[in-house]
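Notes to accompany the following structure.
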Amino acid sequence: MIEYKRPDGQLVNAYLAEPKIENAPGIVVIQEWWGLNDQIKGVADRLAEAGYRALVPDLYRGKLALEANEAEHLMSELNFGEAAGQDIRGAVQYLKSTASSKVAVTGFCMGGALTVLSACNVPELDATVVWYGYPPLEYVDANAVSKPMMAHWALHDDAFAIGGVDHLEVKLKEAGAQLEFYRYDAKHAFANEEADSRNLPFLKYQADAAKLAWTRTMDFLKKQLQT
């Protein structure tokens, strides 16, 4: 765990996974609504093994949710605008100030929604990868999305309706954003290997979809951050 400063000077705790190579590109990883748990730390570790400096901000300030009602409560208390414009922007700035010349943001579920907001509110980032989550579309300033975005969506998502994805895609394309949107025959959280253990009907891990999405993600990150 490390500490970094937000643009307003406040400190944020975060989990940092470092690769073996020096001066590696960075990736800010945004948690699901459960919090900074071992699963999302594992995502950071996976990215570090692939050669990226992966930083996971503790958006809930040490709190974790085990049940859906707890997660919903913690998420409802989070100021999304502040999380994107302060916590996530500060994380990107931290990585850039400590040897990463290029930095992407990626996030899952709630973190996916925050990744979309980051694309609008964090001018320092170089790319975004969104996983099955988007904010209310009225908060998306499509004209501010100036860096490439890849996004992975579930066709049978009871948490983030695919119709909203279609509207988001149109809004971003009309503004000239660089997009790669992919839709999978899957349910919400299809890339979270712990989804089934939650015993929630709207969550389902799907290994084939996860593998394809990760392959696409790694190719995209290599193109955007390592060239």
*Of the conditions (1) in a helix (DSSP H, G or I); (2) more than 17 Å from the chain's Cα centre (by Cα); (3) at pLDDT 95 or above, Glu72 fails just one. Which one is it?*
(3)
_Elements of type strands (runs of 3 or more DSSP E) in the range 122-206, at least 2 residues being among the polar types (S, T, N, Q)_ = none
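Mind counting the residues in the range 78-91 that are out of contact with any Ser or Thr (no Cβ under 8 Å at 6 or more places or on another chain) and part of a helix (DSSP H, G or I)?
9
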*Being surrounded by 14 or more Cβ atoms within 10 Å (Cβ to Cβ), of a type outside the set (Ser, Thr, Tyr), over 15 Å from the mean Cα position of the chain (by Cα) and not in a loop (DSSP other than H, G, I, E, B), is that true of even one residue in the range 30-52?*
yes
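Rundown of residues vs (1) in contact with a helix residue (DSSP H, G or I) (Cβ under 8 Å, 6 or more places away or on another chain); (2) touching a residue at least 12 places away in the same chain (Cβ under 8 Å), yes/no style:
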position: Glu3; (1), (2): no, no
position: Gln10; (1), (2): yes, yes
position: Trp33; (1), (2): yes, yes
position: Ala54; (1), (2): yes, yes
position: Asn69; (1), (2): no, no
position: Glu72; (1), (2): no, yes
position: Gly107; (1), (2): yes, yes
position: Val116; (1), (2): yes, yes
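If you check Ala119, Ala99, which single one turns out to be part of a loop (DSSP other than H, G, I, E, B) and of a type in the set (A, V, I, L, M, F, W, C)?
Just one listed residue meets the conditions, Ala99.
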*Would you mind finding the one in Ala44, Ala14 that is in contact (Cβ under 8 Å) with a residue 12 or more places away in the chain, touching a helix residue (DSSP H, G or I) at 6+ places or on another chain (Cβ under 7 Å) and small (Gly, Ala, Ser)?*
Ala14
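Can you name the residue in the range 53-69 that is in a loop (DSSP other than H, G, I, E, B) and within 17 Å of the chain's Cα centre (by Cα) and is also surrounded by the most Cβ atoms within 10 Å (Cβ to Cβ) among such residues?
Looking only at the range 53-69, we keep the residues that are in a loop (DSSP other than H, G, I, E, B), and these are 58-67.
Okay, now just the ones that are also within 17 Å of the chain's Cα centre (by Cα), so 58-60.
On the way: Asp58: 18, Leu59: 26, Tyr60: 20.
So the residue we want is Leu59.
For every residue, the table says whether it meets (1) of a type in the set (A, V, I, L, M); (2) within 24 Å of Leu225 (Cβ to Cβ); (3) out of contact with any Asp or Glu (no Cβ under 9 Å at 6 or more places or on another chain).
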position	(1), (2), (3)
Ala104	yes, yes, no
Phe108	no, yes, no
Val129	yes, yes, yes
Gly133	no, yes, no
Leu137	yes, no, yes
Ser146	no, yes, yes
Met150	yes, yes, no
Ala175	yes, yes, no
Asn192	no, yes, no
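Looking at Phe80, Phe108, can you tell me which residue is closer than 26 Å to Arg183 by Cα and at pLDDT below 95?
Just a single option satisfies the conditions, and that option is Phe80.
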*Which condition number does Asp126 fail, the rest of (1) crowded, with 24+ Cβ neighbours inside 10 Å; (2) in contact (Cβ under 8 Å) with a residue 60 or more places away in the chain being met?*
(1)
*Condition met for Thr217 (assigned to a helix (DSSP H, G or I) and crowded, with 19+ Cβ neighbours inside 10 Å)*: yes
_What's the number of the only condition in (1) at pLDDT below 95; (2) over 20 Å from Glu193 (Cα atoms); (3) under 16 Å from the mean Cα position of the chain (by Cα); (4) not acidic (Asp, Glu) that Ala14 fails to meet?_
(1)
_Against the conditions (1) surrounded by 13 or more Cβ atoms within 10 Å (Cβ to Cβ); (2) in contact with a strand residue (DSSP E or B) (Cβ under 6 Å, 6 or more places away or on another chain); (3) charged (D, E, K, R); (4) touching a residue at least 24 places away in the same chain (Cβ under 8 Å), where does Asp185 fall short? Just the number, please._
(1)
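The values are calculated or read from the model by the stated rules, or taken from the named source; none is laboratory data. Here the structure is a predicted model, which means the values were calculated and not measured. We place every Cβ from the backbone using ideal geometry, glycine too, and count neighbours over all the protein chains shown.
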